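Below is one structure, written out as structure tokens, with a few remarks after it.
The values are calculated or read from the model by the stated rules, or taken from the named source; none is laboratory data. Nothing here was measured: the structure is a model prediction, and the numbers come from that model. Counting neighbours? That spans all protein chains shown, and the Cβs are built from the backbone with ideal geometry, glycine included. Side chains included, ligands, DNA and RNA excluded: accessible areas come from the protein's heavy atoms. Shrake-Rupley method; radii C 1.70, N 1.55, O 1.52, S 1.80 Å.
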Amino acid sequence: MAEESTNMQVEEKDKMNEWVRLTSPDGYEFLIKRKVAMCSGTLRNSLSAESSFSEALSNTSHTTERAIIVEKLCEYLTYKSLYESAKKNEEIPDFQERVYPEISLELLVAADYYDA
């Protein structure tokens with residue numbers, strides 16, 4: 001009985017670790033799959049189980065960017081995760097069409113920081 005309980009706890013913990021929460025200072029939270037978050041070098045380092053960062057323990061990364069920037073960052077990481085293993089002859093939609101001109105500079109700075 002105790003073994004079943006332990007197995008259920010491990011499975012539940014694995015499911016919780018499958019998702020990562022990104023928060024913005026204006027109060028928004030975004031959930032993305034861990035696999036997607038790992039497309040960012042900065043997030044990969046801070047969420048790594050080997051690191052001693054609080055982000056690794058809580059599966060939450062607090063950003064300094066506005067929500068619209070974090071949303072586009074999540075969208076881009078999903079795009080990157082989806083198409084990074086695409087074949088050379090596969091048509092890949094242009095992500096640039098999804099970026100509003102008003103936020104492009106701020107998004108570029110965030111993309112540089114997050115190594116996306």
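Could we say that residue 32 is under 22 Å from residue 100 (Cβ atoms), more than 10 Å from the chain's Cα centre (by Cα) and buried (at least 17 other Cβ atoms within 10 Å of the Cβ) here?
Taking the combined requirement at face value, the residue does not satisfy it.
May I ask you to list the residues in segment 77-110 that are of a type outside the set (A, V, I, L, M, F, W, C), over 14 Å from residue 22 (Cα atoms), touching a helix residue (DSSP H, G or I) at 6+ places or on another chain (Cβ under 7 Å) and touching a residue at least 24 places away in the same chain (Cβ under 8 Å)?
Passing the criteria: 81, 98, 106.
Can you pull out every residue in segment 35-76 that is open to solvent by 80 Å² or more (accessible area, probe 1.4 Å), within 16 Å of residue 109 (Cβ to Cβ) and not polar (S, T, N, Q)?
66, 71
If you take just the helices (runs of 4 or more DSSP H) that sit entirely in segment 22-116, which of them hold at least 3 residues that are touching a Leu at 6+ places or on another chain (Cβ under 8 Å)?
Counting at least 3 such residues, we get 34-37, 67-83, 104-113.
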